[in-house]
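Visitor: Encoded as structure tokens, here's the structure I'll be asking about.
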Amino acid sequence: MFGLNPLLMSLQTAYICVDEIGLGRDAIIATLLWAIQDSAQSSDRGDETFVQTGETEWGEGVNRILHGLLRVQELYKKTPAIETENFRNLLLSFAEDMRVILIMIADRVNLMREIRDVKNTEAQRKVAEEASYLYAPLAHKLGLYQLKSELEDLSLKYMERDAYYHIKDKLSETKESRDRYIHDFIGPIREKLEAAGLKFHIKGRTKSIHSIWQKMKKQKCPFEGVYDLFAIRIILESAPEKEKMECWQVYSIITDMYQPNPKRLRDWLSVPKSNGYESLHITVLGPEQKWVEVQIRTERMDEIAEHGLAAHWRYKGIKQSGGGIDQWLAAIRAALEAGDNMQVMDQFRRDLYDDEVFVFTPKGDIKKFGRGATVLDFAYNIHSRIGNTCVGARINGKAVPIRRQLSSGDTVEIMTSSTQTPKREWLKIAKSSHARSKIRKALSELERKEEPAPVVPAKGKEQEALEKEGDTRPGHVSAAEFVLNEHTPGVRLPIDGESGRGSSDVLIIDRGVKGIDFSLAKCCHPIYGDDVFGFVTVSGGIKIHRTDCPNAVELRRRFGYRIVKAQWSGKGADKYDITLQVIGNDDIAIVNSITSIISKENNVTLRSINIDSDDGLFRGALTVMVDDNTRLASLVKRLRGIKGVKAVSRL
């Protein structure tokens, strides 16, 4: 149709597959054989080629990819643009092997680059429409953001030429002032990061022409009305174990210098996107009162962001599994087996992007959620108490269950009941990490309140028999033996007011101790240095609790015979996850101060931060990793000293 050399195009496509996507041997061989087949058919030698048998000597992987590519090729002999039946078959070809998708994306990028000067503008436009409709969203889904932007820009160039060149010319006119602003903005940041001993490099990236055009249309404004024309990217050279810590350290340094907008904080460090994307995005108020987006990531994260899942596989050592992508492809297959072609097409396009939905409270306030969010997500977004007691909602005046998904434009009124409590299946209903974390916390609190059933008598025949045995026993010590046998290190503690020969013996907590099954209780999360005791569980192991555990009084009162003394041995060798609750005045500066203090504490790593705001009060749940309780006490003391902080407690 365009008169392009298939062998040359294949070589260029193969180069994109290697250099810009990172595909390996099977995909490259299949791409080249695909071109050879096309060339042979063009020379009327198609009957003599491997396409007739579908087999080559290059192996099963090459055969599978080649089969998919040849199916796609047959479709494009009919027309290069999407038609309903072609679309169905095209998706089926893709769904057989994800590498077919990646090769076709590379092929479409190559084609879009090469048709810039062709005279057949109608065919050029059809190819561009398909690139915009199908291939750019596919690239986005797979994390190939650079190729996705190029496909969108070239599609705009061929479909809306005037808009494309208008924005391109405007960007050229403002390049000098934009470069100067970027230089002035990153200069002080560079000095601070170097002073902190960090290794990094900084990029200033102008937004794509397509994204600027979309903003102009959405905001109904001219080019001059788009304020965020560029973003700053800070890429750290971090060791794997220091990645998150150093990213948050950079966040702290930048927000010390420039005022952040907390509503535009995007934390994909704690919970990466389904396509493997990891980064920390913040928006700060720079010089001349201009908002600037800053992206903070490591070299590994940047490689994954640029090259998508293929790079993620290389780092993780995964061959073909795509995790969530595999599930997505399975959903495509299921949708194709049943359902109208056009419905499948529309749903497919909607599912490609991580869309957002906007819904309203009864008072008219707007709430934003990810696509697929449910009534339960809405309830927990309002307040954890509302979420914990949610029994359903009225959406646009109609009663619906908690699992009902939200749609843009819905007005949602939550219904609650004082007898309702969170259920474990809610973790599958809720889609947001915020809601799921609140549900886990509530479930943990409910489990703490459950009364353990006694399984070991205080005295009886078992104890008398053990006392007669003396020291002749097997090496492994069961929980019951641990409590009842005075010859083991840590006999039972006497109930208050009772005396006993073994009251001075203790359980030594050391990961090197063999024969005793113990673990740290999740209700109070003890760490090295805490005053602790042991409690024999129903399952037979020993749970280590803090002496100030909320359950300690009840455990001692009702099950004193199952309690043993315990103490830490040597020095702490583990890292412990601890969650702190911080309450204070709802102020932008508090978040900045909190992250700044944590980043400056030695051997303290911020794992995640969840923020709630209600009636002028800030509530933050911070998960940090610490070595021992001394380090934790120091951190808590510094957090309590922040202006506006009213309370800091350990959960």
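Visitor: Only one residue in 176, 194 is open to solvent by 50 Å² or more (accessible area, probe 1.4 Å) and farther than 26 Å from residue 242 by Cβ. Which one? Lay out the reasoning, then the answer.
Guide: Details: 194 fails: farther than 26 Å from residue 242 by Cβ.
Testing whether each residue is open to solvent by 50 Å² or more (accessible area, probe 1.4 Å) and farther than 26 Å from residue 242 by Cβ leaves just 176.
Visitor: Let me ask you something else. What is the residue count in segment 55-101 for residues that are modelled with pLDDT of 70 or more and either assigned to a loop (DSSP other than H, G, I, E, B) or open to solvent by 10 Å² or more (accessible area, probe 1.4 Å) (or both)?
Guide: Qualifying residue count, segment 55-101: 15.
Visitor: What's the total number of residues in segment 608-626 that are in contact with a strand residue (DSSP E or B) (Cβ under 7 Å, 6 or more places away or on another chain), within 21 Å of residue 436 (Cβ to Cβ) and not polar (S, T, N, Q)?
Guide: Of the residues in segment 608-626, 9 are in contact with a strand residue (DSSP E or B) (Cβ under 7 Å, 6 or more places away or on another chain), within 21 Å of residue 436 (Cβ to Cβ) and not polar (S, T, N, Q).
Visitor: Looking at residue 312 and the list (1) in a helix (DSSP H, G or I); (2) surrounded by fewer than 19 Cβ atoms within 10 Å (Cβ to Cβ); (3) at pLDDT below 55, which single condition is not satisfied?
Guide: Answer for residue 312: the failing condition is (2).
Visitor: Would you mention how many residues in segment 502-513 are under 20 Å from residue 575 (Cβ atoms) and at pLDDT 65 or above?
Guide: So the first thing to find is which residues in segment 502-513 are under 20 Å from residue 575 (Cβ atoms), and the list is 509-513.
In the following step, the residues that additionally are at pLDDT 65 or above were identified as 509.
Residues in segment 502-513 being under 20 Å from residue 575 (Cβ atoms) and at pLDDT 65 or above: 1 in total.
Visitor: Considering only residues that are without any contact (Cβ under 8 Å) to a residue 60 or more places away in the chain, over 9 Å from the mean Cα position of the chain (by Cα) and either open to solvent by 10 Å² or more (accessible area, probe 1.4 Å) or under 19 Å from residue 198 (Cβ atoms) (or both), which ones fall in segment 266-299?
Guide: Those that are without any contact (Cβ under 8 Å) to a residue 60 or more places away in the chain, over 9 Å from the mean Cα position of the chain (by Cα) and either open to solvent by 10 Å² or more (accessible area, probe 1.4 Å) or under 19 Å from residue 198 (Cβ atoms) (or both): 266, 279, 280, 281, 282, 284, 285, 289.
Visitor: Among the residues of segment 592-626, count how many are acidic (Asp, Glu) and open to solvent by 50 Å² or more (accessible area, probe 1.4 Å).
Guide: Our first condition is that a residue be acidic (Asp, Glu); within segment 592-626, this holds for 601, 612, 614-615.
When the remaining residues are screened for being open to solvent by 50 Å² or more (accessible area, probe 1.4 Å), the result is 614-615.
Total meeting the criteria: 2.
Visitor: For segment 346-357, check the following and say yes or no: at least one residue is open to solvent by less than 60 Å² (accessible area, probe 1.4 Å), under 30 Å from residue 232 (Cα atoms) and at pLDDT 75 or above.
Guide: no
Visitor: So in segment 627-649, with the set limited to residues that are in contact with a strand residue (DSSP E or B) (Cβ under 6 Å, 6 or more places away or on another chain) and either aromatic (Phe, Trp, Tyr) or outside any helix (DSSP H, G or I) (or both), which one is least open to solvent (accessible area, probe 1.4 Å)?
Guide: Initial filter on segment 627-649 (in contact with a strand residue (DSSP E or B) (Cβ under 6 Å, 6 or more places away or on another chain)): 632, 636, 639-640, 644-649.
So of that shortlist, the ones also either aromatic (Phe, Trp, Tyr) or outside any helix (DSSP H, G or I) (or both) come out as 644-649.
Details: 644: 24, 645: 23, 646: 131, 647: 43, 648: 8, 649: 48 Å².
Checking each candidate, the answer is 648.
Visitor: If you don't mind, there's one more thing I want to ask. Which of the residues spanning segment 514-538 are among the β-branched types (Val, Ile, Thr), under 17 Å from residue 565 (Cβ atoms) and modelled with pLDDT of 80 or more?
Guide: Answer for segment 514-538, where residues must be among the β-branched types (Val, Ile, Thr), under 17 Å from residue 565 (Cβ atoms) and modelled with pLDDT of 80 or more: 532, 536.
Visitor: Could you run through segment 357-415 and say how many residues are touching a strand residue (DSSP E or B) at 6+ places or on another chain (Cβ under 9 Å), charged (D, E, K, R), assigned to a loop (DSSP other than H, G, I, E, B) and more than 24 Å from residue 440 (Cα to Cα)?
Guide: Keep residues of segment 357-415 that are touching a strand residue (DSSP E or B) at 6+ places or on another chain (Cβ under 9 Å), which gives 357-362, 364, 366-397, 399-415.
Filter once more, keeping what is charged (D, E, K, R): 367-368, 371, 377, 385, 394, 403-404, 410, 413.
If we keep only those that are assigned to a loop (DSSP other than H, G, I, E, B) as well, we get 371, 403-404, 410.
Within this subset, residues satisfying the condition of being more than 24 Å from residue 440 (Cα to Cα) are 410.
Final tally of qualifying residues: 1.
Visitor: Can you tell me which residue is most open to solvent (accessible area, probe 1.4 Å) among those in segment 409-434 that are at pLDDT below 85 and under 24 Å from the mean Cα position of the chain (by Cα)?
Guide: Ranking the qualifying residues of segment 409-434, first place goes to 433.
Visitor: While we're looking at this one, here's another question. So residue 221 passes all but one of these: (1) of a type outside the set (Lys, Arg); (2) in a helix (DSSP H, G or I); (3) over 24 Å from the mean Cα position of the chain (by Cα). Which condition number does it fail?
Guide: (2)
Visitor: Still on this structure, please answer the following. Within segment 115-134, can you find the residues that are crowded, with 18+ Cβ neighbours inside 10 Å and either under 24 Å from the mean Cα position of the chain (by Cα) or among the hydrophobic types (A, V, I, L, M, F, W, C) (or both)?
Guide: Answer for segment 115-134, where residues must be crowded, with 18+ Cβ neighbours inside 10 Å and either under 24 Å from the mean Cα position of the chain (by Cα) or among the hydrophobic types (A, V, I, L, M, F, W, C) (or both): 115, 127, 128, 131, 134.
Matching residues to (1) open to solvent by less than 70 Å² (accessible area, probe 1.4 Å); (2) touching a residue at least 12 places away in the same chain (Cβ under 8 Å); (3) acidic (Asp, Glu):
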{"position": "202", "(1), (2), (3)": "yes, yes, no"}
{"position": "206", "(1), (2), (3)": "yes, yes, no"}
{"position": "209", "(1), (2), (3)": "yes, yes, no"}
{"position": "221", "(1), (2), (3)": "yes, no, no"}
{"position": "228", "(1), (2), (3)": "yes, yes, yes"}
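Yes/no matrix, rows are residues, columns are (1) part of a loop (DSSP other than H, G, I, E, B); (2) touching a Cys at 6+ places or on another chain (Cβ under 9 Å):
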position: 550; (1), (2): yes, yes
position: 557; (1), (2): no, no
position: 560; (1), (2): no, no
position: 567; (1), (2): no, no
position: 578; (1), (2): no, no
position: 584; (1), (2): no, no
position: 596; (1), (2): no, no
position: 602; (1), (2): yes, no
position: 607; (1), (2): no, no
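Visitor: Condition first: farther than 18 Å from residue 206 by Cα and in contact with a helix residue (DSSP H, G or I) (Cβ under 9 Å, 6 or more places away or on another chain). Now tell me which residues in segment 281-300 satisfy that.
Guide: Scanning segment 281-300 gives 288, 298, 300.
Visitor: Can you spot a residue in segment 558-575 that is within 29 Å of residue 432 (Cα to Cα), open to solvent by 20 Å² or more (accessible area, probe 1.4 Å) and modelled with pLDDT under 85? Break it down stepwise before answering.
Guide: So in segment 558-575, the residues within 29 Å of residue 432 (Cα to Cα) come out as 575.
Now restrict to residues that are open to solvent by 20 Å² or more (accessible area, probe 1.4 Å): 575.
If we keep only those that are modelled with pLDDT under 85 too, we end up with 575.
Looking through segment 558-575, at least one residue is within 29 Å of residue 432 (Cα to Cα), open to solvent by 20 Å² or more (accessible area, probe 1.4 Å) and modelled with pLDDT under 85.
Visitor: So which residues in segment 240-265 are closer than 18 Å to residue 301 by Cβ and either touching a Pro at 6+ places or on another chain (Cβ under 9 Å) or part of a strand (DSSP E or B) (or both)?
Guide: Residues satisfying the conditions are 251, 254.
The values are calculated or read from the model by the stated rules, or taken from the named source; none is laboratory data. Given the structure is predicted, the values throughout are model-derived calculations rather than measurements. Glycine also receives a Cβ, built like all others from the backbone with ideal geometry; neighbour counts cover every protein chain displayed. With ligands, DNA and RNA removed, areas are computed over all heavy atoms of the protein, side chains included. Shrake-Rupley method; radii C 1.70, N 1.55, O 1.52, S 1.80 Å.
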